[in-house]
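**Student:** Have a look at this one.
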Amino acid sequence: MTLSTPQSNLPDDAASKISRPSSTDQKILWDMEERFWTSGSDNARATTAKDAIMIFPYPPGILQGDQIWHGLKRRTGWRFVAMAERRTTQCGDIVILSYRASAEKPDLPIYEALCASTYLNDVGGWLRTSHQQTPVD
């Protein structure tokens, strides 16, 4: 059984609220995302909401709040990240970044992943509310 709502009862068309962030906001957000990878857990924590959710390849898996920072201490140290296939979308005060990451650490093979981060514009400043990584084989 398929349920449908008559078009006349729908609020504003949600699709019309989707846009792209300004070029200034895009620059700010992509810079924040690069520093998330390369500037260590203290920087990442300062730009992330208190109860954010992050999903990393198992282990550590799904982390929320303070769990994130215990897991990231062991996973920091990326000396370089390249972000290709960048996409951005915005709905109100929320922006989603998606990209393909190639990151490297000393003495390890290059890590490749498809990633997405969600940011909230909270009183004029951006905070990461979620981040996810899916390894690319």
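Read-outs: derived from the displayed coordinates by stated rules, not from any lab. Every value quoted in this text rests on a predicted model; they were computed, and no experiment measured them. Cβ placement follows ideal geometry from the backbone for every residue including glycine, while neighbour counts extend to all protein chains displayed.
**Student:** Can you run phi through the Karplus equation (6.51, -1.76, 1.60; θ = phi - 60°) for the stretch 127-137 and list ³J(HN,Hα) in whole Hz, with x for Gly and Pro?
**Tutor:** 10, 6, 9, 7, 8, 9, 10, 10, x, 9, 7
**Student:** Give me the number: length gained by fully extending LYS27 to ILE62, i.e. 0.36 nm times residue separation minus the C-alpha to C-alpha distance, one decimal in nm.
**Tutor:** 9.8 nm
**Student:** Once you place label points 7 Å from the Cα toward the Cβ at SER102 and ARG87, how far apart are they in nm?
**Tutor:** Computed distance between label sites SER102 and ARG87 equals 2.0 nm.
**Student:** Within the chain, how many Lys pairs sit with Cα atoms under 26 Å apart, leaving out pairs fewer than 8 places apart on the same chain?
**Tutor:** 5
**Student:** Could I ask something else about it? How big is the antiparallel share of DSSP beta bridges in the chain, given as a percent to the nearest 5?
**Tutor:** Roughly 90 percent of the DSSP beta bridges within the chain come out antiparallel.
**Student:** Using the basic label-point model (7 angstrom from Cα toward the beta carbon), what is the ASP122 to ARG20 distance in nanometres?
**Tutor:** Each label point lies 7 Å from its Cα, and together they span 2.8 nm.
**Student:** Something else now. Quick one: compute the contact order of the chain, relative version, from alpha carbon pairs under 8 angstrom and 6+ residues apart, as a percent.
**Tutor:** Relative contact order comes out at 22 percent.
**Student:** So what's the angle, to the nearest 10 degrees on a 0 to 90 scale, between helix 23-38 and the longest Cα principal axis of the chain?
**Tutor:** With rounding to tens, the tilt is 40 degrees.
**Student:** Can you work out ³J(HN,Hα) from phi for every residue in the stretch 60-66, in order, using Karplus 6.51 cos²θ - 1.76 cosθ + 1.60 and θ = phi - 60°, giving whole Hz and x for Gly and Pro?
**Tutor:** Result, rounded to whole Hz: x, x, 8, 10, 9, x, 5.
**Student:** Now a separate question. For THR134 and ILE110, FRET efficiency with R0 = 22 Å and r from the beta-carbon atoms, rounded to 0.05?
**Tutor:** Numbers: r = 16 Å, r/R0 = 0.72.
Step by step, r from the Cβ atoms, then E = 0.90.
**Student:** With a bin width of 10 angstrom, please list the P(r) values of the stretch 53-137 as percents of all Cα-Cα pairs, from the 0 bin to the one holding the largest distance.
**Tutor:** 16, 45, 34, 5, 0
**Student:** Could you list the chymotrypsin sites (Phe, Trp or Tyr not before Pro) in the stretch 26-121 that lie in coil according to DSSP, counting only those with at most 15 other Cβ atoms within 10 Å of their Cβ? The partial results should precede the final answer.
**Tutor:** Numbers: sites: TRP30, PHE36, TRP37, TRP69, TRP78, PHE80, TYR99, TYR111, TYR119; in loops: TRP78.
Passing both the DSSP loop test and the Cβ count: no residue.
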